[in-house]
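Input: a single structure, listed below in structure tokens.
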Amino acid sequence: MSGIWIIAKMSLLENSRKQVFHVLCLLMLAVIGSSTLLSIFTEGVQIKILKDLCMTCILFGGAALAIALGATGIPNDVESRTIHPLIARPLTRTQYLMGKFVGTFITVAMGVAAMTVAFAALIYIYEHRLDTFLGMAVLFTLLEVAIVAAIATTISTFASPAVTAVVTFMAYIAGTIKIGYIGGLIDKSQTGVSKGLYALIYHALPNLECFNLKSSLVHHDAIPAAYLAQVAIYGFCYIAFVLVVGASCFASREV
Amino acid sequence: MGKSARAVAGAILLALPCRAWAHGAEELGHHWDVPAYRAEMLTQVVMMAGVSALVLGGMLVRNALRRRKERG
């Protein structure tokens, strides 16, 4: 455990110095701040649009950070050869991979926390109270971001940063529209081979839409606790599975 | 806005092709009300557990065979 934590701290320091982290955080904060300019709408609709826009910003910003940081962590270490003294120490490759994932996730969580503070301040200004739904929505956003970071970390064990970023982004988009659109492709496909291929892709993709509780925050709709528990368990299982796949890929790789 | 203007606007909105783009009535609701989301999550968890059990079983069999070979 201490090995994982040491790598995570190192990864956190390395990631927090990257320009992409600062640029993306500032960009998302600017979008959240500028959402107050939506004063052309009436009061009731304005706060709903503000919540919708800010939550989308946090979701997209968190995913973009997870992709950008997760895709570059391990390949940069391999390229700069800083991985050699690390894996020569009493540290397994699985611990190294887990440390990289935890470091990436903590860095992204810091960015998401900054965006959430700005968003909560805006809600407080408009509604003169803090929204209790916000905490829950952001927690599930963090779980979604952790899945994206796990996918990026796993793909980065065998692919270049550019390929990792593109494939992870495609998986993120496809995972978001999975039930509504890719599910329809399976029903429409004619041949058994294409149906099987679509079904394989469909079941391998993460079901990211279920982590999006934006509409609950906007409309204050109650969500069944059993559903939330199922989504949380599903998220943790998916992260664990993807990281185990990544660890087995990284174990057999020449560095 | 007058009643006739509202009726015209309503008729235009109903005639728009937007309704045809919607996949189904259930997809217009929240995802926690749609059974397909729960079913897919359950299917994926079962599949992940199945794949993990298969891989672990394979590893155990491989180790057992290797030990038997070493003894023999």
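At a 10 Å Cβ-Cβ cut-off, how would you order B:ARG71, A:ARG253, fewest neighbours first?
In increasing order of surrounding Cβ atoms, one gets B:ARG71, A:ARG253.
Mind giving me the nanometre distance, one decimal, between the label points for A:SER189 and A:THR82, set 7 Å out from Cα along Cα→Cβ?
4.2 nm
For a distance above 32 Å, tell me the whole-number percent of Cα pairs in the range A:2-251 that qualify.
Roughly 27 percent, rounded to a whole number.
What does the helix-only formula give at 222 nm for chain A: each DSSP H stretch with n ≥ 4 adding -39500 (n - 2.57), the total divided by the residues, and the result rounded to the nearest 500 deg cm²/dmol?
Theoretical 222 nm ellipticity from helices: -27000 deg cm²/dmol.
Any idea what the dipole of the range A:48-100 comes to, in debye rounded to 20, about its Cα centre with Lys/Arg Cβ at +1 and Asp/Glu Cβ at -1?
Magnitude of the dipole: close to 140 debye.
Can you give me the distance in nm between label points at A:LEU37 and B:VAL51, each placed 7 Å from the Cα along the Cα-to-Cβ direction?
Spacing of the two 7 Å Cα→Cβ label points: 4.4 nm.
In µm²/s, what is D for the range A:86-153 at 25 °C and 0.890 mPa s, where D = kT/(6 pi eta Rh) by Stokes-Einstein and Rh is the Kirkwood radius from Cα pairs?
Answer from the Stokes-Einstein relation: 176 µm²/s.
Counting other Cβ atoms within 10 Å, keep those with at most 11, restrict to DSSP loop, and tell me which trypsin sites (Lys or Arg not before Pro) in the range A:1-79 are left.
Sites meeting the loop and neighbour criteria: A:ARG17.
Within 10 Å of each Cβ of A:191-203, how many other protein chain Cβ atoms are there on average?
Partner Cβ neighbours, averaged per residue: 1.
For a quick check: sort A:ILE67, A:ILE201, A:ILE4 by the number of other beta carbons within 10 angstrom, fewest at the front.
Lowest to highest Cβ neighbour count: A:ILE201, A:ILE4, A:ILE67.
Label points 7 Å out from Cα along the Cβ direction at A:HIS220 and A:ARG89: separation in nm?
5.2 nm
Mind ordering A:53-61, A:20-28, A:219-227, A:174-182 by average Cβ neighbours within 10 Å, highest first?
The peptides rank, most packed first, as A:53-61, A:174-182, A:20-28, A:219-227.
Since every read-out is calculated from the coordinates, none of them should be taken as a lab result. This one's a predicted model, so the numbers in the text were calculated from it and none came from an experiment. So basically every Cβ, Gly included, is an ideal-geometry build from the backbone, and we count neighbours across all protein chains shown.
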